[in-house]
Amino acid sequence: EIPDNCFENCTRLAKIILPEGITSIGANAFSGCVELFSIYFPTTLKKIGENAFTNCSNGLYDNAYYGGENWNSVEGRGNFNPYKNKKPY
């Protein structure tokens with residue numbers, strides 16, 4: 001799990017590749033990461049907490065990737081519509 005507020009306001013964080021096994025991302029976990037441009041969500045992800053990605057780079061929503069086929073089952077997926085079966089590298 002990524003706990004609540006874990007990386008909040010990490011202004012130099014640009015790319016995240018979450019490993020398989022991560023099941024939840026806490027509230028505000030990446031909020032304020034203004035340089036965050038790319039993220040890979042593992043197939044094991046089940047929940048994204050409230051405001052987990054607020055005030056991040058606008059490009060983040062175009063550079064989100066998901067390793068599985070069941071994105072619709074992820075609670076709190078919000079504005080993300082990630083590319084499937086691609087990794088950002």
For THR11, THR54, the accessible-area ranking with a 1.4 Å probe, largest leading, is THR11, THR54
In whole Hz, the Karplus estimates of ³J(HN,Hα) for the range 37-44 (6.51, -1.76, 1.60; θ = phi - 60°; x where Gly or Pro) are 10, 8, 9, 10, 9, x, 5, 7
By accessible area with a 1.4 Å probe, ligands and nucleic acids excluded, highest first: order of TYR61, TYR83:
TYR83, TYR61
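When only Cα pairs under 8 Å and 6 or more residues apart are kept, what is the percent relative contact order across the chain?
26 percent
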Kindly report, to the nearest 10 Å², the accessible surface of VAL34 as traced by a 1.4 Å probe over protein heavy atoms only.
80 Å²
Mind listing the phi-derived Karplus ³J(HN,Hα) values for the range 10-20, rounded to whole Hz, using 6.51, -1.76 and 1.60 with θ = phi - 60°, and x for any glycine or proline?
7, 6, 9, 6, 10, 9, 10, 10, 6, x, 4
Largest-first semi-axes in Å of the equivalent ellipsoid built from the Cα gyration tensor of the chain are 18, 15, 11
Carbon plus sulfur, as percent of the 1.4 Å-probe accessible area of the range 11-89, comes to 44 percent
With the other protein chains left in place, how much accessible area per residue, in square angstrom, belongs to the chain at a 1.4 angstrom probe?
56 Å²
Cβ charges +1 (Lys, Arg) and -1 (Asp, Glu), total dipole of the chain, debye
280 debye
Under 5 Å between amide H atoms, partner at least 5 residues away or on a different chain: which partners does ILE16 have, H built in plane at 1.01 Å?
SER38, ILE39, TYR40
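The values are calculated or read from the model by the stated rules, or taken from the named source; none is laboratory data. Please read all numbers here as calculations on a predicted model, not as lab measurements. Backbone-built Cβ (ideal geometry, glycine too); neighbour counts: all protein chains shown. The protein model used for the area step is the full one, side chains on, heavy atoms only, and it has no ligands, DNA or RNA in it. Shrake-Rupley method; radii C 1.70, N 1.55, O 1.52, S 1.80 Å.
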